[in-house]
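Quick note: the coordinates plus some simple rules give every number you see, no bench work behind them. Note that the coordinates shown come from a computational prediction; the quantities given were computed from them, not determined experimentally. In this analysis, Cβ positions are derived from the backbone assuming ideal geometry, glycine residues included, and neighbour counts consider all displayed protein chains.
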Amino acid sequence: AQSVAQPEDQVNVAEGNPLTVKCTYSVSGNPYLFWYVQYPNRGLQFLLKYITGDNLVKGSYGFEAEFNKSQTSFHLKKPSALVSDSALYFCAVRDSYQAGTALIFGKGTTLSVSS
Amino acid sequence: DGGITQSPKYLFRKEGQNVTLSCEQNLNHDAMYWYRQDPGQGLRLIYYSQIVNDFQKGDIAEGYSVSREKKESFPLTVTSAQKNPTAFYLCASTRGLNEQFFGPGTRLTVL
């Protein structure tokens, strides 16, 4: 069965410091991996995805994520955090053989960036 | 939130009442989804539909019903059988294996 784990409920960083939000996954086939961000009382906004190709994926707002097949991980990163990055972040996965089926989401990680 | 609208933004339900949440998309996406979000539990799948006139139960379908009569529309009814419906409801759509696009959500509260 597919699953996603986000081991940290909350990540705290100071503005200007690098940030990492962790995600590990489990699928039976090749994974399609996604990161989303959610601000309070809003829908989810797509940040980036890994389908195939380069293991380092670049996305919106300066975020990037690194796909590591051996560790089954897809950690979200940003070189320099902004206070405005404070939000709830979700990692999601879909098995590549199941087009149209729903993404499976992790429980989310709250990122808090202090000034 | 582009391309997917949800209404109303806030909804209040009395005990024993059925309510319907609207979801419309103009992205020409084939597949649509309903998720429920509770604090600390992430997103849980209620129902999804890959084509018109067809839908499948997700992980927490009990107490909910859906229809997919048009490609653009996927309404969710929260029935009186759902004993704890207070939550944030999110609708999404996609084409193929691409990312899902989400609507702005409906917050349902039981009075």
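Worth a mention:
- Cβ-defined net charge surrounding residue A:57, 9 Å radius [Lys, Arg +1; Asp, Glu -1]: -1
- Direction-averaged projected area, Cα convex hull, region B:19-97: 5.2 nm², rounded to one decimal.
- ³J(HN,Hα) computed for each position of region A:56-71 - Karplus, 6.51 cos²θ - 1.76 cosθ + 1.60, integer Hz, glycine/proline x: 9, 10, 9, x, 6, 6, x, 7, 9, 9, 10, 8, 10, 5, 5, 9
- Average other protein chain Cβ within 10 Å of Cβ, residues A:47-55: 1
- For region B:56-68, backbone phi angles converted through the Karplus equation (6.51, -1.76, 1.60; θ = phi - 60°) give residue-by-residue couplings of 10, 6, x, 6, 9, 6, 4, x, 10, 9, 9, 9, 9 Hz, Gly and Pro being listed as x.
- Stokes-Einstein translational diffusion, region A:1-111 - Kirkwood Rh over all Cα pairs, 1.002 mPa s, 20 °C, in µm²/s: 153
- Under DSSP loop assignment and at most 12 Cβ neighbours within 10 Å, longest trypsin sites (Lys or Arg not before Pro)-free interval of chain B: B:15-82
- The antiparallel fraction among DSSP beta bridges confined to region B:4-111 stands at about 90%.
- Scaled against 2.2 N^0.38 Å for its residue count N, the alpha carbon radius of gyration of the protein assembly as shown is 1.01.
- Proximal charge balance of residue B:52 [Cβ under 10 Å; K/R count +1, D/E count -1]: -1
- Under Karplus coefficients 6.51, -1.76 and 1.60, residue-wise ³J(HN,Hα) of region B:75-86 in Hz, glycine/proline x: x, 10, 9, 9, 8, 5, 6, 7, 7, 9, x, 5
- Close amide H contacts of residue B:47 (hydrogens built in the peptide plane, cut-off under 5 Å, sequence separation of 5 or more or a different chain): B:34, B:58.
- Given 14 as the ceiling on other Cβ atoms within 10 Å, longest exposed-site-free region of chain B for GluC sites (Glu not before Pro) in DSSP loops: B:16-61
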